[in-house]
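A quick write-up on the structure given underneath.
The values are calculated or read from the model by the stated rules, or taken from the named source; none is laboratory data. The model shown is predicted, which means the values in this text are computed figures rather than measured ones. Note: ideal-geometry Cβ built from the backbone for every residue, glycine included; neighbour counts use all protein chains shown.
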Amino acid sequence: MHSETVLLHGAYDPETFGGVVNPPVFRASTIVFRDMEDMETRARAMSSPDGQELWYGRKGTPTTFALQEMLAQLEGGYRSLLVSSGLAACTSAIMAFVKSGDHVLICNSVYGPTRHFADTVLRRCGVTVTYYDSTAGSDIGALFRPNTTLVFLESPGSQTFEVQDVPAICAQARKRGAKVVMDNTWATPLFFKPFEHGVDVSVHAATKYIVGHSDATMGVITANREAWATIREYVYAAGLHAGPDDAYLALRGLRTMAIRLERHFRHGVDIANWLANRPEVERVLHPALPDTPGHLIWARDYKGASGLFSVVLKPTFSRDTFRSFIDNLHLFGLGFSWGGFESLVMPFDPRHERPDGNWPYDGFAFRRHIGLEAKEDLIADLENALRFLHAQYS
Ligand SMILES: *Cc1c(COP(=O)(O)O)cnc(C)c1O
């Protein structure tokens, strides 16, 4: 089945609940067993890494099972588990594989809060972290140490949009017995299939395009067959969980994800190109634009692009005019996160979060999420706000 069809018919069979098209929301903590034998049978099943039974609310309900199965199928992984946020998915996938004395490699364009976790909790646990250049390919091999157990990728990078050579990095990790965890949030399971490229564990902030409507936070961890038992063990041991109502919102969001992404992709590229031709703009960082680092890798490995990219302005504008440009955008909300139906803008300076990155720009930078609005309205809004960059209008 094509991914677009899996979104509509995957995992859940309406016959399960008398023909109801969507799985109901099951809110549960206690699940009562018929008798001791029933309890013992389910206990035996749950003691196997592949066991999935109604056992206790924290370990899932039919609502979460349906979503997990659909996501595993879409990604091409073995099984998935849900957690309460995208950040929890990133940190848990790392924690599942490391112990004191290990060394991990993390791309230097990684999502800021993931880096913060590595710099605080991981280091406190005695894990050494090396941030590698996100544009590294096979040359990442030189950074492995005998105790390197994990490589973390996020492609393209948050804010700076370097596309990573996933197959080349995975080949190096495999040779040395290290596991590869990839944050695949930007591409969604529709535009990049991590397991086809050698990744062991894929994580998503389902908060973004999977939920798709800015009304829930959730994370997904999907593992291949070899990594599955380790992930499941950690998630269960740590008591991680996502609520059934949020799982329902994510299932509902998934139904339209392909059609939403088609538009985010198309309008994102069009507006990126429009911005690239503006005199105020120094550089647009969008994987589908030829001068973005890793563009050729994107063209080789990705089936599309989502609506998130960055823009760097010429270094000639003052902080005041930049602020007045941002404040005069009316259709682009100023806020964190992305992946919902609405357009957003977020100013950033990667030099704060990423001291080891090379950022050759002096101009102000902002990240943009292109929502589902009419493209002409978004361009008119941008055009109007850009006038405020020029001091005489501010
Ligand atoms: C937003 C985001 C996360 C974290 O997701 P939350 O649900 O907000 O915790 C992780 N990785 C990437 C790439 C993100 O953009």
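Quick one: in the range 295-337, of everything that is among the polar types (S, T, N, Q), at pLDDT 95 or above and under 20 Å from Phe161 (Cβ atoms), which residue is nearest to the chain's Cα centre (by Cα)? So, considering only residues that are among the polar types (S, T, N, Q), at pLDDT 95 or above and under 20 Å from Phe161 (Cβ atoms), the one nearest to the chain's Cα centre (by Cα) is Ser306. Just one of the listed residues (Leu275, Leu296, Leu261, Leu254) is of a type in the set (A, V, I, L, M, F, W, C) and free of Cβ contacts under 8 Å to residues at least 60 places away in the same chain, and it is Leu296. Counted as qualifying within the range 57-158 are the helices (runs of 4 or more DSSP H) with 3 or more residues that are under 30 Å from Leu7 (Cβ atoms) and out of contact with any Cys (no Cβ under 7 Å at 6 or more places or on another chain), namely 62-75, 86-95.
Taken together, the criteria exclude Val6 from residues that are among the hydrophobic types (A, V, I, L, M, F, W, C) and surrounded by fewer than 17 Cβ atoms within 10 Å (Cβ to Cβ). Across the range 139-162, not a single residue is classified as in contact with an Asp or Glu (Cβ under 7 Å, 6 or more places away or on another chain), of a type in the set (S, T, N, Q), within 16 Å of the ligand (Cβ to nearest atom) and within 30 Å of Gly339 (Cα to Cα).
Scanning the range 373-389 for residues that are farther than 19 Å from Glu342 by Cβ and of a type in the set (A, V, I, L, M, F, W, C) yields Leu386, Phe388, Leu389.
Checked across the range 305-324, the condition of being without any contact (Cβ under 8 Å) to a residue 24 or more places away in the chain and within 16 Å of the ligand (Cβ to nearest atom) holds for no residue. Within the range 178-233, being within 13 Å of the ligand (Cβ to nearest atom) and of a type in the set (Ser, Thr, Tyr) holds for Thr185, Thr188, Ser202, Thr207, Tyr209, Ser214, Thr217.
Looking at the range 366-373, can you tell me whether even one residue there is outside any loop (DSSP other than H, G, I, E, B), more than 16 Å from the ligand (Cβ to nearest atom) and assigned by TED's automatic domain parsing to the domain that holds Val269? No - not one qualifying residue is present in the range 366-373. Looking across the range 338-360, the residues that are modelled with pLDDT of 95 or more, part of a loop (DSSP other than H, G, I, E, B) and either assigned by TED's automatic domain parsing to the domain that holds Phe161 or within 21 Å of Phe322 (Cβ to Cβ) (or both) come down to Trp338, Ser343. Quick one: would you say Glu69 is buried (at least 21 other Cβ atoms within 10 Å of the Cβ) and away from the ligand (no atom under 15 Å from the Cβ)? No.
Among all residues of the range 97-107, there is at least one that is more than 15 Å from the ligand (Cβ to nearest atom), within 19 Å of the chain's Cα centre (by Cα) and more than 30 Å from Val21 (Cα to Cα). Test Ala136 against the criterion of being at pLDDT 95 or above and buried (at least 23 other Cβ atoms within 10 Å of the Cβ), and give yes or no. No: the conditions fail for Ala136.
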